[in-house]
1. The range 276-343: D in µm²/s via Stokes-Einstein (Kirkwood Rh, Cα pairs, 25 °C, 0.890 mPa s)?
2. Report the relative contact order of the range 1-155, percent, no decimals, based on alpha-carbon pairs under 8 angstrom and at least 6 residues apart.
3. What list of ³J(HN,Hα) values in whole Hz, one per residue of the range 150-160 in order, does the Karplus curve 6.51 cos²θ - 1.76 cosθ + 1.60 (θ = phi - 60°) give from phi, with Gly and Pro shown as x?
4. Ordered by residue, what ³J(HN,Hα) values in Hz, to whole numbers, does the range 7-17 give under the Karplus form 6.51 cos²θ - 1.76 cosθ + 1.60, where θ = phi - 60° and Gly and Pro are x?
5. Using 0.36 nm times the number of residues separating GLU121 and ALA37, minus their current alpha carbon distance, what extension gain do you get?
6. Using the Cα atoms of the range 77-164, I'd like the radius of gyration and the largest Cα-Cα distance, Dmax, both in angstrom.
7. Is there a quick way to get the dipole size of the range 40-135? I mean about its Cα centre, with the Cβ of Lys and Arg at +1 and of Asp and Glu at -1; what is the value in debye to the nearest 20?
8. Which of the peptides 83-93, 314-324 is most tightly packed, and how do the rest follow, judged by the mean count of other Cβ atoms within 10 Å per residue?
Amino acid sequence: VIGVPEYRPAFPDGSRPGIGIVGCGQIVRNAHLPAYAKYGCNVVGVYDVRPEAARGVDAAAFSTLEELLADRRVAIVDIATGPAPRVELIRHALAAGKHVLAQKPLALDVELARTVADEAERAGLKLAVNQNARWAPPWRIATLLVQEGAVGEVHAVAHLLERGFEFVLQYPHFDEIEHLLLYDHCIHWIDISRCWLDGARPTSVHAREYRTPAQPPPTRQPWGGWIAVEYENGASATIRSTGGAVTGSPGCRFWIHGSEGTIRGSILLGSDRVELERRGETTTYPLEGAWYPDGFAGAMAELASAITDDREPYNSARHNLLSLELTLAACRSADDAGAPVLL
Ligand SMILES: NC(=O)c1ccc[n+]([C@@H]2O[C@H](COP(=O)([O-])OP(=O)(O)OC[C@H]3O[C@@H](n4cnc5c(N)ncnc54)[C@H](O)[C@@H]3O)[C@@H](O)[C@H]2O)c1
């Protein structure tokens, strides 16, 4: 019998390291800060190059980056800008002796990401990536079940995104991101698939992106597309975005097929569920919390625990390099009409 894995975000007992947030945009307001408030985190303050961005948030505002980095109460710098200034900001934080949680995508290219991961390790500091979807409750349970061997060896991961991207109309800055679907959004799906296939070696990535006929005309970036990752041992991961679904039950379905069983479930848009089928029995797991905001506490809690235990966090920059490499390969394949990109 496989019990309910301990999937909820868990901070080390009594320890809430001081957090300084750099970049105070929509994701910080809508997810980082609500998650930190829910889990009793110690947010020392926020800094944004646009002072108006920090106005009205329930946290003190630093007027310069230097001031934030010089504050001894700040142990973790939570970098939540877009990816362009990220690596430089990480370097400033490391130079000030701070651990870092960096939003995804970690960097614009893999070599730069690798270099900064090396730099953090040499400095004896933790650099983690905010792949908060790893702590979306159904995905977190699935990961822990896979790690326990509940489905044996995983040979196929599949995702079906039955949803549109209407949030782009409310937050138009997303529509300015080239490869919004693959690079900014599906990076979470690529990352989790890679976690479920940990240990297997990916050999190639194919991907396509296209505007669907139903996509609202003002939106620029394609909402439809797919990604296929092939592995040396014959395993595969596929991610398909419908780009929109007229249904009363939208969500992002997933399946994990292994040699001894199947995990299936769904995340987002009120669809959260997860079940394990093995040896003729199906177990459905009770769920508490959701990706937004609890996943954001999960990513921070893992870093805080790794600092306390002095170990590599599960969401380390080092572990994230392959996710970034696969994501960038998907973008290159889409630019080349879906031609395979070999790894
Ligand atoms: N689930 C998730 O993890 C999730 C969801 C949405 C967005 N994101 C990621 O979060 C990041 C931010 O996205 P967003 O939607 O909040 O964008 P945003 O544009 O709303 O916010 C970014 C903020 O960073 C500030 N900024 C830019 N450069 C800076 C610098 N050098 N120093 C300090 N502040 C600076 C900007 O002024 C802005 O307020 C992106 O990388 C995006 O991919 C992650």
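Here, each number is a calculation from the coordinates, and none is a lab measurement. As the structure is a computational prediction, the values presented were derived from the model and not from experiment. Positions of Cβ are backbone-derived with ideal geometry, glycine not excepted, and every protein chain shown enters the neighbour counts.
1. So the translational diffusion coefficient is about 157 µm²/s.
2. Over the range 1-155, the number comes to 22 percent.
3. 4, 10, x, 7, 6, 10, 8, 10, 9, 10, 10
4. For the range 7-17, the Karplus curve yields 9, 6, x, 10, 7, x, 3, x, 9, 9, x Hz.
5. On the way: separation 84, 0.36 × 84 = 30.24 nm, distance 2.98 nm.
Taking 0.36 nm per residue and subtracting the Cα distance, the gain is 27.3 nm.
6. Final numbers for Rg and Dmax: 16.3, 44 Å.
7. 240 debye
8. 314-324, 83-93
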